[in-house]
Every structure is written in structure tokens, then in C-alpha cells.
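The values are calculated or read from the model by the stated rules, or taken from the named source; none is laboratory data. Quantities reported herein were computed from a predicted structural model and do not represent experimental measurements. Here the Cβ positions follow ideal geometry from the backbone for every residue, glycine too, while neighbour counts run over all protein chains shown.
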Amino acid sequence: MLSPRTPPAVTAGSELPPLAVPITSPRPDEDAELVDGLKCRDEAAFVTLLERYQGQLLRLALVYCRTKDIAEEIVQDTWLAVIQGIDRFEGRATFKTWLFQILVNRARTRAVKEGRSLSFSSITDEAEMPGEPAVPPERFRAADDPWPNHWALPPHSWGESSDARLLAAETMDLVNRAIAQLPPAQQQVITLRDIEGWTSEVVCNVLEISETNQRVLLHRARSRVRAALEAHFDER
């Protein structure tokens, strides 16, 4: 029998997949069967959901709090809230969206207590404020050039073995560090889109932002990460 006080298999020291390895999201109908089981207090259904989403929950929690111990507490609180509230889940959104909305709400509450608040309005403001160009303007030809707005300094090729280089441990570490240095809203969006492999619709629903804001934040985040990679490879 599943107890809301002691959810199984949630341990502070459990190993998680590497940050930069995408995780494929299951189809909503796969979750629906498990949700039905969870409503019947089927412990096996809960364990399956736990294994499916634990790593993703922890990575997103780390965007808000940075400290793994606190992130694990937020994830633990999220699962407890799921167990306690599953009977009220009506399926108006997917279970995944509902689950991560719970996490985001708890992470934001914890961030406020620690003075690291990231509100909905701050995410919107960051998306709407003018940002730096994705590529420095000086890398393009001037308007009076015979080839205006064409590349003056085109991106360097990363070579035929670029796939292998991108998969190298040091390069993935660089990607992770570049993401960690992004503004919080950009970090959230690129983590969910490019690391977890979520669709834009799910990201917008979970973070409660518009499609336009999501697209702007993702573009800025990707531009910064690519710039970090380009600088890294140019040094070689």
C-alpha cells in the first residue's frame, strides 16, 4: 500500500543521468495508465513514474536553487504533493505538465525564502527586454559593402569530426557550464527544450509563458551557448 508519508525509492544519494543527455518524454497515454494505477495506490505505478521523471525534476529544481540538497528536498516535496493530490487530478493537462507545475511552484516558493525569487513577471520581462544580437554585428559586411549584410567573419568549421568533438566529455562540460551562467529564465527554457527534449507547448504550459517569450528566451540561450562553443573550438 502506498503511503503519502514515505514514498518509495526517493533517496538523496541516487545517481542521475548526466545533465547533457536528452531524455525522451513518454506519450501522454503511457502516463494515463500509470496515473490510474497511482489513484488506486499501486506502488509499482508510482515507482515507474518516479524512475521516469526523477532526474528531470531534479535538474529543473537545480535551476532555481543550485544546491543539490535543497533541490532534492523540493523534488521530495513535489512527489509528496502528487501522492496527496492525485485524486484531484482531472486530466485537463497531461500528468507531466501537472507534475512539473507542482515542482516549479515549490521551487519558486523556496527561492523566495532564500532571496532568489524568479517570478512569472521576471521571466516575461527578460524575454521582452532588448537583448544582445545573436551574432556580433561586426561579423557582417557593412551596408555600403558590395555584399551588404553577408558574412565578414563567418563561423569556423568545427571539422568533419564535429559530432565526436561535441560528444567529448570536456565539450559537454563546457555546454553545462555555459548553460549554468545563463540568466535564470533562459536557463530554464534551454534546459527543458534542449536537454530534456520537451516541446515548446509543454514548456509554455509548465513555466506559464507565451510561445513568443519562450522562443525569444530559447534563441538567446542557444546563441550564448553556441558562442561559448565557438570560442572554445577557435582556441584549438
Open item on the list: Step by step: first the residues of the range 188-216, then only those that are in contact with a helix residue (DSSP H, G or I) (Cβ under 7 Å, 6 or more places away or on another chain) and hydroxyl-bearing (S, T, Y), then the one that is nearest to R108 (Cα to Cα). Which residue is that?
Closed with: T191
TODO: Identify, by number, the condition in (1) part of a loop (DSSP other than H, G, I, E, B); (2) at pLDDT 70 or above; (3) of a type in the set (G, A, S) that A185 doesn't meet.
DONE: (1)
Open item on the list: Consider the range 200-209. How many of its residues are touching a residue at least 40 places away in the same chain (Cβ under 8 Å) and of a type outside the set (A, V, I, L, M, F, W, C)?
Closed with: 2
Open item on the list: Step by step: first the residues of the range 140-175, then only those that are surrounded by 16 or more Cβ atoms within 10 Å (Cβ to Cβ) and modelled with pLDDT of 70 or more, then the one that is nearest to the chain's Cα centre (by Cα). Which residue is that?
Closed with: V175
- [ ] Take the range 66-109 and flag every residue that is touching a Phe, Trp or Tyr at 6+ places or on another chain (Cβ under 8 Å) and surrounded by fewer than 19 Cβ atoms within 10 Å (Cβ to Cβ).
- [x] I83, F89, R108
Task: Selected residue (criterion: nearest to the chain's Cα centre (by Cα)) from residues of the range 192-208 that are surrounded by fewer than 21 Cβ atoms within 10 Å (Cβ to Cβ) and over 21 Å from Q181 (Cβ atoms) - done: G197
